[in-house]
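All remarks here apply to the structure that follows.
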Amino acid sequence: MAELKRRAAVLISGRGSNLGALIAAARHPAYPAELALVLSNKADAAGLDRAREAGIATAVVESRPFGRDRAGFEAVMQARLDEAGIELIALAGFMRVLTEDFVTRWSGRMLNIHPSLLPAFPGLDTHARALAAGVRLHGCTVHFVTPGVDEGPVIAQAAVPVLPEDDEPALAARVLAQEHRIYPAALAWAASGAARLEEGRVVLDRPMAEGAFVNPLPGPPGLPTEMA
Ligand code: GRF
């Protein structure tokens with residue numbers, strides 16, 4: 001008998017390309033999570049259309065009317081999550097900072113994707129900041145959510161090279177392609193128990209990659225050619 005799928009909600013505020021990647025992955029019969037709800041804090045979020053097209057239940061809880069009353073907003077959101085029997089949350093471009101209460105309630109059961117190699121570049125405008133800093137590697141991170149914004153324990157990361165001709169859109173697109181690879185995987189691991197939060201650290205029942213990703217590429221081994 002197939003194991004029961006965990007009921008997951010995806011929380012969005014915008015275009016929902018990561019949601020699209022999660023929807024595609026979750027179509028696989030063996031995927032351990034079912035996307036049971038897509039919840040947006042904006043009624044005009046384009047991602048809502050992706051959810052509707054995929055036949056996934058949607059909910060809109062507008063955050064704006066609540067102003068600074070974050071707890072009030074979250075209480076309504078929590079009610080929607082409860083009604084849908086949600087066990088796991090994936091934040092995917094959800095542009096609201098959550099209270100410590102809400103985050104604690106979902107500890108070990110709420111994931112976020114962030115467009116940088118955390119702990120580098122938490123917050124906004126990560127690609128512009130990576131370009132300004134002159135880093136040679138950039139990327140994305142999936143982490144469990146903790147009260148500190150973009151500070152949670154890391155589940156998975158993907159690195160991409162920063163190229164000399166890169167501008168913000170080019171670098172963002174290269175990173176986004178990797179977001180769409182690692183988020184469906186990380187959500188699956190969290191749903192199956194292969195990634196779990198134990199005493200503030202992520203325990204992973206996964207093989208780890210070996211080797212190194214170097215940018216720019218060194219030349220053939222040996223001096224002086226390698227440094228030529
Ligand atoms: C992504 O870059 C994600 O890393 C960040 O917000 C963006 C959302 O994009 N948290 P999309 O709505 O999934 O296309």
Qualifying residue in region 197-207 (condition: at pLDDT 95 or above, crowded, with 18+ Cβ neighbours inside 10 Å and not in a strand (DSSP E or B)): no
Tabulated pairs, region 45-70, first under 16 Å from Arg27 (Cβ atoms) and open to solvent by 70 Å² or more (accessible area, probe 1.4 Å), second within 16 Å of the ligand (Cβ to nearest atom) and polar (S, T, N, Q), C-beta under 7 angstrom, 6+ apart or interchain: Arg52/Thr58
Residue match in region 27-38 (condition: closer than 19 Å to Val149 by Cα and either touching a residue at least 12 places away in the same chain (Cβ under 8 Å) or in contact with an Asp or Glu (Cβ under 6 Å, 6 or more places away or on another chain) (or both)): no
Test for Ala92: is it open to solvent by 20 Å² or more (accessible area, probe 1.4 Å), within 14 Å of the ligand (Cβ to nearest atom) and under 19 Å from Leu176 (Cα atoms): no
Filter result for the condition that a residue is buried (at least 22 other Cβ atoms within 10 Å of the Cβ) and either in a loop (DSSP other than H, G, I, E, B) or within 11 Å of the ligand (Cβ to nearest atom) (or both), over Thr146, Thr141: Thr141
Test: residue in region 181-197 that is polar (S, T, N, Q) and closer than 14 Å to Ile113 by Cβ: no
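The values are calculated or read from the model by the stated rules, or taken from the named source; none is laboratory data. Remember, predicted model here, so these are calculated numbers, not experimental data. With ideal geometry, Cβ positions are generated from the backbone for all residues, glycine too; neighbour counts draw on all protein chains shown. Accessible surface is based on the protein model in full, side chains and every heavy atom, while ligands, DNA and RNA are left aside. Shrake-Rupley method; radii C 1.70, N 1.55, O 1.52, S 1.80 Å.
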